[in-house]
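Quick note: the coordinates plus some simple rules give every number you see, no bench work behind them. Please read all numbers here as calculations on a predicted model, not as lab measurements. Reconstructed Cβ throughout: ideal geometry from the backbone, glycine too, with neighbour counts over all protein chains shown.
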Ligand code: C2E
Ligand code: MG
Ligand code: MG
């Protein structure tokens, strides 16, 4: 269409590749000419605040595949788009962007270029559109063909767009990042890698269609959380990435990650069900690595770190993560073999009743006897086992071992077994508990399953059903680590717990912390009215013990009573605390004295 409009300007140096046609009244302002001729690979549309087309460069008809041979005239940009080859969803997105642009009045310098990818109807082509404001009068849309194949894979038919969410695919993301890093290395950018957590129970309990709906809704929220100039892509399954450009400081990615956490964590309503999921975010900046593959990998390491912190967090990459990742890989390999090589042990920590000074049972706590590193605490290896999926067989083994052991104890003693969220994810947990009980002959009422509040926060209803199944076997449920997370008193009232374990951070107070004591008392009083007993964890001193007893706690667990001990030492503990019980006799008859 070059040469068809009024006041055509021949661009000097780039005359062979592009020309600019001014459709507006009078001469084209110099600033627009300069913008138009700045980059011959970029096609431009110039329009005013009312979105009326004022100027075009010669590549526009080809890039947008306009279905007309008529010369372009001043018309609305929407009309122009409607005769293009762009698919409907892209048109909607383009219209939204244009609508936002119409509201802006700042000078060009103040406004970051917003950039979105537009796809042709057959999805075979992709064009990147950027919008900017020039002065109060003019708006500029620039278009450039966006590569849809990976370098070195030119003949491959790789998907440029994710079918489920409509977001750019992994290929597109990698292309965009590579291009950004090579074409504009001086502009710092950042990559966010995110994984949506806890989708498995949604898929398993509500079906894959519901899981897909959650992914789609989460993808929309991600787009709302980022700036127009950022690129959101779905990499795979529950994995997404965001390219933040520009990101001159850590502030921009941190702000966007915070917004993402906020948006994604809000409850979803799918098929009449309220669903909560989580998201872990890792951030790497182009100053960490200037190759796209390296940057994406580093963002992933940071994401793993965020997830290891319990999810619902974001982490920036730091070089220590590479070393930790290396060490973790070795631990992972060893851990996979730990169970078959019989390197795991269960130790038992006593729980004692304040009022009667009697032992009521033990908590089963797993340990890993590593041939080189010695006894490793679960705090160190459980998160790794969670990540590699080894927690499911390990948890099953602990459950069976603990039930077997408890079946040998006096019949009034209970055993508490910790359950990880991933064990709940599989949906098979109640079945495994039933099997463990029937295999060992332990009555359900002597088994207690400890869950953390995270389990309930995450899947709500689905996990409540699992808890109900456990209760139908008379198995008791304890809320572990109360006070470490978000659990609220209202949650305690809504979920059918038999026991609340107040975490050491709240119960093991050194000195007289009035606020924390007030919380403990509130929990105790709620527990009383709901018939839930309250245990104080991590009690190490007599002072702590006295305070907790005054505050009304029913049970105590902690080093003051005993550390977790191997099964071989249990008889001694049992006979110390419950001397009439049938076990090895002990000379000392301990008492909780305050
Ligand atoms: P938890 O379930 O809250 O267990 C209590 C932890 O506090 C235990 O740490 C215990 O040894 C420690 N502890 C008890 N009394 C005191 C005290 O007076 N002072 C101090 N400083 N610590 C005390 P441990 O055995 O290292 O276990 C850590 C966590 O690992 C457990 O916390 C639990 O969340 C997890 N865990 C342990 N065994 C298993 C298991 O079989 N499966 C799963 N999923 N998680 C487990
Ligand atoms: Mg526990
Ligand atoms: Mg605990």
Estimated Rh, the range 168-292: Kirkwood, alpha-carbon pairs, angstrom: 15.0
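Set the Förster distance to 22 Å, then compute FRET efficiency between residue 380 and residue 426 from the Cβ-Cβ distance, nearest 0.05.
0.40
Highest first, please rank the peptides 272-278, 570-576 by the mean number of other Cβ atoms sitting within 10 Å of their residues. Show your work: numbers first, answer last.
Working: 272-278: 17.1, 570-576: 19.7.
Averaged packing, sorted descending, gives the order 570-576, 272-278.
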Residue 356-residue 473 pseudo-label distance in nm [points 7 Å out on the Cα-to-Cβ vector]: 2.5
The range 396-450-the range 374-394 distance, computed between alpha-carbon centres (Å): 18
Rounded FRET efficiency, nearest 0.05, which uses the C-beta distance separating residue 525 from residue 136 and R0 of 56 Å: 0.30
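Among DSSP beta bridges whose residues both lie in the range 333-429, state the antiparallel percentage, nearest 5. Please report the intermediate quantities before stating the final value.
Numbers: 13 of 17 bridges.
Roughly 75 percent of the DSSP beta bridges within the range 333-429 come out antiparallel.
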Rounded if a/c under 1.5, otherwise prolate or oblate - the range 315-439, Cα gyration tensor axes: prolate
Rough spin-label spacing in nm, given labels placed 7 Å along Cα→Cβ, for residue 397 and residue 435: 1.5
Overall form of the range 353-509 per C-alpha gyration tensor (a/c, 1.5; a/b vs b/c): rounded
Cα-based Rg / Dmax (Å) for the range 464-571: 14.6, 42
C-alpha long axis of helix 378-388 to longest principal axis of the chain, angle in °: 40
Gyration tensor (Cα) of the chain, equivalent ellipsoid semi-axes in angstrom: 63, 23, 21
For the range 378-466: rounded, prolate or oblate by the Cα gyration tensor [a/c cutoff 1.5]: prolate
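Order 18-26, 377-385 from most to least packed using the mean count of other Cβ atoms within 10 Å. Before the final figure, lay out each step's value.
Working: 18-26: 18.9, 377-385: 16.6.
Sorting 18-26, 377-385 by mean packing, highest first, produces 18-26, 377-385.
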In degrees, nearest ten, helix 251-265 long axis to first principal axis of the chain (Cα): 60
Peptide ranges 44-51, 186-193, 338-345 listed from the most packed, as the mean C-beta count within 10 angstrom indicates: 186-193, 44-51, 338-345
Nearest-ten-degree value, helix 514-530 long axis tilted from longest Cα axis of the chain: 70
